[in-house]
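The values are calculated or read from the model by the stated rules, or taken from the named source; none is laboratory data. The structure presented is a predicted model; accordingly, all values stated were derived computationally and were not measured. Every residue, glycine as well, gets a Cβ built from its backbone with ideal geometry; the counts of neighbours run over all protein chains shown. Only protein heavy atoms, including side chains, enter the accessible area calculation; ligands, DNA and RNA are left aside. Shrake-Rupley method; radii C 1.70, N 1.55, O 1.52, S 1.80 Å.
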Amino acid sequence: MADTPTETPPSLYAAREPIFPKKVYGNFRNLKWAIMAVTLGIYYLTPWIRWDRGPNLPDQAVLIDLANRRFYFFWIEIWPHEFYFVAGLLVMAGLGLFLFTSALGRVWCGYACPQTVWTDLFILVERWIEGDRNARLRLHRQKKWDLRKARLRLIKWITWLLIAVATGGAWVFYFADAPTLLVDLFTLNAHPVAYTTVAILTATTFVFGGFAREQICIYACPWPRIQAAMLDEDTLTVAYREWRGEPRGKSNVRRRDAAKAAAAEADSRAAGPGGAKYAPTPYPGVPLNDPVAADQGELGDCIDCMACVNVCPMGIDIRDGQQMECITCALCIDACDDIMAKIGKPRGLIDYMALTDEQSERAGNAARPILRHILRPRTLLYTGLWALVGVGLIFALFIRPEIEMTVAPVRNPTFVTMSDGTIRNTYEVRLLNKHGEARPFVLSVTGDPEIRLSLEGIEGDTITVPADDTTNQRVYLEAPAGSQAAQSARTDVRLWVEDEANGERAEKNTVFNGKAER
C-alpha cells in the first residue's frame, strides 16, 4: 500500500505586511496635525518652564522630585501624604476616556494617544525622506540594496533615532532640574538611572514608532478590546454608508459597460426577428440605450478607488464595517470626501455616524443631530462624575492647611515617673511647613490645665521649621504628682501648633497615660 502524502498543517502565524499610508488633506488631517504639534510641544517644552517659588526651592514649573518626595505643578505642591490628588487626577483621566469613547468612539486613540502621535511624526519623517506612498512601496519592494536605498534608509533611521533620544531625554527632565541635568548628561556626570531611562525610552520609541506602529495598537494595547463595553448604538464612529455606496464600480467601467450595452442593443435590433437576442441589462432598471443612466443610475457612489484604504494608518478597509483595528482617526473621511468632490458626488460616503443613523437613513429619514448623540444619559453621567471629582479636588486643594502636624506617642514605656512623682509622657511630633520661608511654630496643649508641655533640646515652646520642609521634635507632657491626670489611666488631650507669622493653627488629639495604668 502506497504511503499517502501528509499535508503540512497551516501556519497560525501571519507575517506583518508593512503599511505605507498615503498623504491626505482635509479637516481631520489638519486637526491631527494641530493636536500633534500641541501635545509634542507640551511634552518637550514643559520641563524648561521656570516658576519662582522663593529661595531654596526648585524653580522648575513642573517637577517630580523623587528625592524629596514632592510633586510641583506651577503654584501647586503635592506632598507624599497628599497622593489622593494624583489618584483623583487618574480617576478623572479614566472618566474622561470613558466619556469621549462613549460619545465619539476611539478619538483618544486616533488623535492624542502617544503611540499615534509619535507614529504620525515618524511617518511624516519617512514621507519627507522617501516620498509618498508609491515611492515608499517601490523602495520597500526593491530587493537589491543600492546606494540610493541605503542612503535614504540611513537618513531616515538617524532622524528617527534623534527623535527617540529627544523623547527619552525630555522624560528624565521632569524628574530633575532640566538645565542642570542636560549639562550632566553631556558631561557624563548624570546618575546611571538617567542614562538607563533615556536608553530604554529611546529604544521603545524608535521601535514602536518606526517599525511596530499599528502592531502596538492591535496586539499590545488592551483598549481595543475594552472599548466595546464603552460603545452603544448612539456612539458616533467612522462608518461607511453602504446603502449609498453599493454596488461599487469605477466610473470608466460604468461608461464602458453602458456603451457595450447600447451597442449590443443596436446589433440585436439590426438582426431582426430570429436574430440575436437582446443583451442582458448590466444594471437592473437601467435602459440599455441610456449610458448616462447606466453611469449614474443603479451603481452606488463608491467608485472603488481604494483612497480610504491607502490613507489608513492601520491598513484596514472601513467599507468592511466596524473593526477592532480602527482607531477613528477619520483620515478615510478626508480621502473619500476629496474623491466625492472630484466626481461630483455629495460628501459623507464615509463619515462619523451612529448605528441609529444607519437605521434611519436606510429607511429614508434624516440622521439625528450630532448633539443628540453626544448629549444623552450615558455621556451626561460620565460628565457629571468627571466634574464631581474635579470640583472635589479643587475644593480639597483650596482648603488644605499650610501647616500640619502628626503626633505619635512613645509606647515603650507608656510613661515615666520622675524623682518628684511627676508623670511624664513622651511624643514624637512631626511638623510640616508648606510655606516658602522658615516659620516659627508655637506648641501648646489643652485638655487638662495641670499638664505642662516642654520640648527636648529647646527652651520654651517655639520651634522654627525650615521652608517647605518637615521637622521631627520630641515633646514631653508632664502631670504633677497627685493631679487627676497623673492618677487616671487615660486623659484625653489635644496638642496645638500655631504659626506665629499668620496665626494659622493645626491640632491633633492624643491621650496622656497616668499611674492607674500599672
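Below, the figures for the structure above:
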item: Looking only at the stretch 143-160, and only at residues there that are surrounded by 11 or more Cβ atoms within 10 Å (Cβ to Cβ) and not aliphatic (A, V, I, L, M), the one that is farthest from Thr202 (Cα to Cα); result: Lys149
item: Only listed residue being at pLDDT below 90 and of a type outside the set (Val, Ile, Thr), chosen from Ala479, Ala485; result: Ala485
item: Residue list for the stretch 30-67, filter: open to solvent by 90 Å² or more (accessible area, probe 1.4 Å) and modelled with pLDDT under 90; result: Asp52, Pro55, Asn56, Leu66, Ala67
item: Complete set of residues in the stretch 8-29 that are aliphatic (A, V, I, L, M) and either within 22 Å of Asn134 (Cα to Cα) or open to solvent by 90 Å² or more (accessible area, probe 1.4 Å) (or both); result: Leu12, Ala15, Ile19, Val24
item: Strands (runs of 3 or more DSSP E) completely within the stretch 59-151 that count 2 or more residues being free of Cβ contacts under 8 Å to residues at least 40 places away in the same chain; result: 70-73
item: Of all residues in the stretch 323-371 being polar (S, T, N, Q) and without any contact (Cβ under 8 Å) to a residue 12 or more places away in the chain, the one that is nearest to Gly105 (Cα to Cα); result: Gln323
item: The stretch 372-383: number of residues that are part of a loop (DSSP other than H, G, I, E, B) and without any contact (Cβ under 8 Å) to a residue 40 or more places away in the chain; result: 1
item: When residues of the stretch 328-371 are limited to those that are open to solvent by 80 Å² or more (accessible area, probe 1.4 Å) and outside any loop (DSSP other than H, G, I, E, B), the one nearest to Ala307 (Cα to Cα); result: Lys342
item: Which numbered condition Asn56 fails, given (1) touching a residue at least 60 places away in the same chain (Cβ under 8 Å); (2) under 30 Å from Cys336 (Cβ atoms); (3) not small (Gly, Ala, Ser); result: (2)
item: Residue selected from the stretch 95-115 under the condition of a type in the set (S, T, N, Q) and open to solvent by less than 10 Å² (accessible area, probe 1.4 Å), by the criterion farthest from Val311 (Cα to Cα); result: Ser102
item: Residue ID - most open to solvent (accessible area, probe 1.4 Å), chosen from residues in the stretch 494-518 that are farther than 16 Å from Ile451 by Cβ and in a strand (DSSP E or B); result: Arg505
item: Subset of the stretch 461-493 [farther than 24 Å from His435 by Cα, open to solvent by 70 Å² or more (accessible area, probe 1.4 Å), touching an Asp or Glu at 6+ places or on another chain (Cβ under 8 Å) and in a strand (DSSP E or B)]; result: Arg490
item: Which numbered condition Phe395 misses (of (1) open to solvent by 50 Å² or more (accessible area, probe 1.4 Å); (2) within 18 Å of Ala506 (Cβ to Cβ); (3) among the aromatic types (Phe, Trp, Tyr)); result: (2)
item: Residues being in contact with a helix residue (DSSP H, G or I) (Cβ under 6 Å, 6 or more places away or on another chain) and open to solvent by 60 Å² or more (accessible area, probe 1.4 Å) - total across the stretch 399-441; result: 0
item: Subset of the stretch 408-458 [in contact (Cβ under 8 Å) with a residue 40 or more places away in the chain, of a type in the set (A, V, I, L, M) and over 22 Å from Ala516 (Cβ atoms)]; result: Val429, Leu431, Leu432, Val442, Leu443
item: Which listed residue is touching a residue at least 12 places away in the same chain (Cβ under 8 Å) and hydroxyl-bearing (Ser, Thr, Tyr), from Thr187, Thr167, Thr196, Thr180; result: Thr167
item: Residue check for Asp448: over 28 Å from Ala67 (Cβ atoms), among the charged types (D, E, K, R), open to solvent by 30 Å² or more (accessible area, probe 1.4 Å) and touching a Ser or Thr at 6+ places or on another chain (Cβ under 9 Å); result: no
item: Output for the stretch 451-460, where each listed residue is among the hydrophobic types (A, V, I, L, M, F, W, C) and loosely packed, with under 15 Cβ neighbours inside 10 Å; result: Ile458
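The rows are residues; the columns are (1) farther than 22 Å from Arg69 by Cα; (2) crowded, with 20+ Cβ neighbours inside 10 Å; (3) touching a strand residue (DSSP E or B) at 6+ places or on another chain (Cβ under 9 Å).
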site	(1), (2), (3)
Ala166	yes, no, no
Val172	no, yes, no
Phe175	no, no, yes
Ala178	no, yes, yes
Val183	yes, no, no
Ala190	no, no, no
Thr196	no, no, no
Ala199	yes, no, no
Thr204	yes, no, no
